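Enquirer: My questions all concern the structure below.
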Amino acid sequence: MDYRGILDTIHAEVAPHVGVGRVASYIPELAGVEPAQFGMAIVDLAGGVHTVGDARVPFSIQSISKLFGLTLAFQLAGDTLWERVGREPSGNPFNSLVQLERENGKPRNPFINAGALVVTDMLCSRYTHAENALVQFTGRLAANPALDYDARVAASELRTSHRNAAMAHFMKSFGNLHNPVDAVIDAYCKHCAIRMNCIDLARAVAFLANGGTNPWTGERVLDASSAKRLSALMLTCGTYDAAGDFAFRVGLPAKSGVGGGIVALLPGECGICVWSPALEDSGNSHAGSVALERFTDLTGRSIF
Ligand code: GLU
């Protein structure tokens, strides 16, 4: 596959889309990010790294951390995880409260905030510092032991996390949160604030393209069936309330974050990450979505 030529074509075609949309501003520290940036990285399973644009610029991974948190919790809890979190698309915004009431405090899926808070709660039950455990775990997936979270972004989100705290209290009232709300929110804001670049992230999702085995260490992260399941959840729930449209346009399992990053994977071939901070109303990076759509059209490769 001529990834170099494909990335150059994408870079040229995506140019009019870069900066179109709005940078997330509800986390004050993210509001100042320059919107007109674009980077993309493809890491094939042999370790070949192919990049274009701002692929080495670190950014706030935000909700992409939910994928790594879920992987670690799934390793620990196995299928008992699904007793506390569902596996259906929500059809609601990622930070919605209404569905939780109708469904007795069991979040629809692990990629909406309520679901990710339950997953973080599971990690808090297992680790004294869940965010550090997750940073280290993600660092192993990314083959980058220097990963860390941005304390300023975490503090900025913590100061404005009333809605997530409301959800956490609400779930606690149904018995679906075992640790103190403050501890769970603190760990959640910190893991959302992990900083990575496109290369780190493309490497970090490669284990899912590799049937659950970390290609960089040989460590089995998940068995093949579990890796298939997490990839399926990415396809159905990974890109906010636009997951159906995203699957229609792109046709790859993916997880996005309001920092403007989107990770995706092509099973058996590569991990992919694209980053451009200006978002569509759905919360997905606009230029990033266009780039991934062009990637599957230009390569003729998707899961379909
Ligand atoms: N930390 C963000 C929040 O809870 C994550 C949002 C996102 O990237 O979807 O609102």
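All of the numbers you see were taken from the coordinates with simple rules; none came from a lab. The shown structure was predicted, so the numbers you read here are calculated from the model rather than taken from an experiment. Counting neighbours? That spans all protein chains shown, and the Cβs are built from the backbone with ideal geometry, glycine included.
Enquirer: Mind checking which residues of the stretch 129-147 are among the charged types (D, E, K, R) and within 16 Å of residue 219 (Cα to Cα)?
Expert: 140
Enquirer: While we're looking at this one, here's another question. Does the stretch 177-201 hold any residues that are under 15 Å from residue 29 (Cα atoms) and among the hydrophobic types (A, V, I, L, M, F, W, C), and which are they?
Expert: 189, 192, 193, 194
Residue-wise test of (1) surrounded by fewer than 19 Cβ atoms within 10 Å (Cβ to Cβ); (2) aliphatic (A, V, I, L, M); (3) within 23 Å of residue 123 (Cβ to Cβ).
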position	(1), (2), (3)
192	no, no, yes
217	yes, no, yes
246	no, no, no
252	no, yes, no
268	yes, no, no
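Enquirer: Would you pick out the residues in the stretch 196-212 that are surrounded by 24 or more Cβ atoms within 10 Å (Cβ to Cβ) and of a type in the set (Gly, Ala, Ser)?
Expert: 202, 204, 206, 209
Enquirer: Let me ask something else about it. Out of the residues in the stretch 133-185 meeting the condition of being within 13 Å of the ligand (Cβ to nearest atom) and not in a helix (DSSP H, G or I), tell me which one is nearest to the chain's Cα centre (by Cα).
Expert: 149
Enquirer: Taking helices (runs of 4 or more DSSP H) that do not extend beyond the stretch 1-118, which have at least 1 residues that are within 16 Å of the ligand (Cβ to nearest atom) and touching a residue at least 24 places away in the same chain (Cβ under 8 Å)?
Expert: Qualifying helices (runs of 4 or more DSSP H): 65-77, 98-102.
Enquirer: Name every residue in the stretch 39-94 that is surrounded by 19 or more Cβ atoms within 10 Å (Cβ to Cβ) and among the polar types (S, T, N, Q), in order of residue number.
Expert: Passing the criteria: 51, 60, 62, 63, 65, 71, 90.
Enquirer: What do you reckon, is residue 153 among the hydrophobic types (A, V, I, L, M, F, W, C) and in contact with a strand residue (DSSP E or B) (Cβ under 8 Å, 6 or more places away or on another chain)?
Expert: Yes.
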